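Read the structure below first, then the notes.
The values are calculated or read from the model by the stated rules, or taken from the named source; none is laboratory data. Note that the structure is predicted; figures quoted are calculated from it, not measured. Reconstructed Cβ throughout: ideal geometry from the backbone, glycine too, with neighbour counts over all protein chains shown.
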Amino acid sequence: SNTEPLKGKTVLITAGPTREKIDPVRFISNHSSGKMGYALAEEAKKQGAHVILVSGPVQLPKPSGIDVVSVESAEDMYQAVLNVFDEADIVIKTAAVADYRPRVSYDHKVKKQTGNVMIELERTKDILLELGKRKTKQILVGFAAETNNLAEYAQAKLKKKNADMIVANNVKAEGAGFGTDTNIVTLFKRDGTVSELPIMSKTAVAQKIIEEITVLLKDLNKH
Ligand code: PMT
């Protein structure tokens, strides 16, 4: 029905940062609070979807009526996402996944050295890229956190990751990106449409994104 356009659909959302372990007391991470991803999860639930939220470590309360899968590292997130990907009709990748992790992680606390130390980093798996390859029926939505050349990078991601939509935010702009209650995003769709949204609460941004996905879903069913 029009009141619950996502009824019967499974929406998989990732949120928050990942933590890449150096040793039992140290890790490499980023400033994602999970607010954007959790707002999307709430909105998808409101529109009638079954929501699976794969979440990195955040300080937010566990939302009710949503299946939350808690993960730590990029590798954990990769496994958790691929476990449920086949069930999903819509996938939204809001998480700020680490691109690199320490090549070696120690199971004892690393002692202080006299001089400088080096931590060698290796690439993590690109989850979005993998999903783009495996995609069958799914609508795939990625995010792009940029500080410059927003449009150019977002368009490139859309193609390279075989996504249906990229939500780009300039994470250096005041009121946008990490940690804030608001965001400033531009939506880039596969059909070439670009919509630049003004500053809005993350809840309102989530409403807009879910609305756009509902339109994509309708187009999909027409063909
Ligand atoms: O959590 P908040 O504090 O509310 O902040 C929201 C946000 C800034 C984290 C969010 O709006 C956002 O931009 N999320 C994406 C952050 C990011 O990692 O962007 P990216 O340009 O590095 O990655 C692009 C896309 O690839 C993302 O969909 C990301 O989930 C995905 N990715 C990245 C690396 C990787 N190894 N696997 C991935 O799937």
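Among the conditions (1) surrounded by 15 or more Cβ atoms within 10 Å (Cβ to Cβ); (2) at pLDDT 95 or above, the only one that E174 does not satisfy is (1).
All conditions in (1) closer than 16 Å to D99 by Cα; (2) part of a helix (DSSP H, G or I) hold for N30, with the sole exception of (2).
Taking the conditions (1) within 11 Å of the ligand (Cβ to nearest atom); (2) within 22 Å of S201 (Cα to Cα); (3) out of contact with any Leu (no Cβ under 8 Å at 6 or more places or on another chain); (4) not acidic (D, E) in turn, A15 satisfies each one other than (3).
Table: residues versus (1) within 16 Å of the ligand (Cβ to nearest atom); (2) farther than 30 Å from V167 by Cβ.
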| position | (1), (2) |
| --- | --- |
| E87 | no, no |
| I92 | yes, no |
| Y100 | yes, no |
| R103 | yes, yes |
| K109 | no, yes |
| G115 | no, yes |
| E120 | no, yes |
| R123 | yes, no |
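Summed over region 146-171, the residues that are part of a strand (DSSP E or B) and either crowded, with 20+ Cβ neighbours inside 10 Å or more than 16 Å from the chain's Cα centre (by Cα) (or both) give a count of 5.
Taking the criterion of being more than 11 Å from the ligand (Cβ to nearest atom), touching a helix residue (DSSP H, G or I) at 6+ places or on another chain (Cβ under 7 Å) and either of a type in the set (K, R) or under 17 Å from I127 (Cα atoms) (or both), the residues of region 55-81 that qualify are V69, V71.
Once region 54-77 is narrowed to residues that are in contact (Cβ under 8 Å) with a residue 12 or more places away in the chain and out of contact with any Ser or Thr (no Cβ under 8 Å at 6 or more places or on another chain), the residue that is surrounded by the most Cβ atoms within 10 Å (Cβ to Cβ) is I66. Of the candidates A49, A80, the single residue that is at pLDDT 95 or above and surrounded by 21 or more Cβ atoms within 10 Å (Cβ to Cβ) is A49.
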